[in-house]
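Below: the structure, in structure tokens.
The values are calculated or read from the model by the stated rules, or taken from the named source; none is laboratory data. What you are looking at is a predicted structure, and each value in this text was computed from that prediction instead of being measured. As a convention, Cβ positions derive from the backbone with ideal geometry for all residues, glycine included, and neighbour counts pool all protein chains shown. Just the protein is used for accessible areas: all its heavy atoms, side chains included, with ligands, DNA and RNA removed. Shrake-Rupley method; radii C 1.70, N 1.55, O 1.52, S 1.80 Å.
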Amino acid sequence: MPSAITLFAYAAGLVLTLCLAAWLTPRAWWRRANARAAAVLACGTVLLGGLLHALLGPGPAPQAAALPLAQAAMPVAGASYRVRDHLNLRDDVGVNARRLAVVPAGTLVTVTGAHQGDWWQVSAVVDGRRREGWASSLWLRRADERGSSLF
């Protein structure tokens, strides 16, 4: 069931189309119903009604609704994540930073809590030594996430 705003927008689009068509087209076009007149009315109503609906319709969801999702994606100090694929552990943020080690796929890493965008500071055991560095969070899966143990 369309909302009242939608009905109002398309009804106003029809009225605007009729007014514009009467003003901008030759009077002879409207003496008899034909396909051209129907097409002008249909296209005008859809275009103007859609424009009015976009302007008058409900806006995007409030930012508060998106906040829990954003908070869920933030690294929590001490949380464990499983490496999805071989992961470059870097000394700084970015793909151009010096690589400290390569963490094998399936390894558990621990987040320190520091982050810059999608880059998280993590700690992992590589070749028997605990290493700390920066890694892209795109290659990490929560340790309890379904399918994270398929390595």
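Listed by first and then second residue, the pairs with beta-carbon distance under 6 Å, at least 6 apart or on different chains, first residue in region 8-24 and under 23 Å from Gly57 (Cα atoms) and of a type outside the set (Phe, Trp, Tyr), second open to solvent by 80 Å² or more (accessible area, probe 1.4 Å) and assigned to a helix (DSSP H, G or I), are Ala9/Leu56. Scanning region 80-119 for residues that are within 10 Å of Ala135 (Cα to Cα) and assigned to a loop (DSSP other than H, G, I, E, B), we see that the one that is most open to solvent (accessible area, probe 1.4 Å) is Val95.
Quick grid of which residues meet (1) modelled with pLDDT of 85 or more; (2) within 19 Å of the chain's Cα centre (by Cα):
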| residue | (1), (2) |
| --- | --- |
| Ala70 | no, yes |
| Pro75 | no, no |
| Ala79 | yes, no |
| Ala101 | yes, no |
| Pro104 | yes, no |
| Thr112 | yes, no |
| Gly128 | yes, no |
| Ser149 | no, no |
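Tally up the residues in region 21-48 that are open to solvent by 80 Å² or more (accessible area, probe 1.4 Å) and among the aromatic types (Phe, Trp, Tyr), please. Final tally of qualifying residues: 2.
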